[in-house]
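This report refers to the structure that appears directly beneath it.
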Amino acid sequence: MLILTRKKEQSISINENTEITILEIDGANVKIGISAPSYVRILRSELTKDIKVSNELATHQNTNIIKKMIEKLTESK
């Protein structure tokens with residue numbers, strides 16, 4: 001992990017097309033702005049974790065549904 005210190009209105013560039021700017025500092029809260037192309041997906045890390053959990057649950061549920069369908073099909077033979 002790269003750790004950088006920035007002050008208000010200073011930026012960090014990532015590649016040639018993404019820039020993170022410190023907009024406001026209020027105690028322990030920091031407001032940042034991110035300029036990036038529209039194809040770059042930007043999410044807060046807690047949302048990324050929630051999406052991952054949701055996808056894992058959906059996959060597990062789909063697997064259970066498929067198993068039940070297979071069981072019913074094999075029972076009917």
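Of all residues in region 11-22, those being charged (D, E, K, R) and surrounded by 10 or more Cβ atoms within 10 Å (Cβ to Cβ) number 1.
Here region 37-67 is the region considered, the condition is being within 16 Å of the chain's Cα centre (by Cα) and among the polar types (S, T, N, Q), and the residue that is most open to solvent (accessible area, probe 1.4 Å) is Ser38.
Just one of the listed residues (Ile3, Ile25, Ile70) is at pLDDT 90 or above and surrounded by 10 or more Cβ atoms within 10 Å (Cβ to Cβ), namely Ile25.
The values are calculated or read from the model by the stated rules, or taken from the named source; none is laboratory data. None of these values were measured; they are calculated from a predicted model. Note that we place each Cβ from the backbone using ideal geometry, even for glycine, and neighbour counts take in every protein chain shown. In case anyone asks, the SASA skips ligands and DNA or RNA and just uses the protein heavy atoms, side chains included. Shrake-Rupley method; radii C 1.70, N 1.55, O 1.52, S 1.80 Å.
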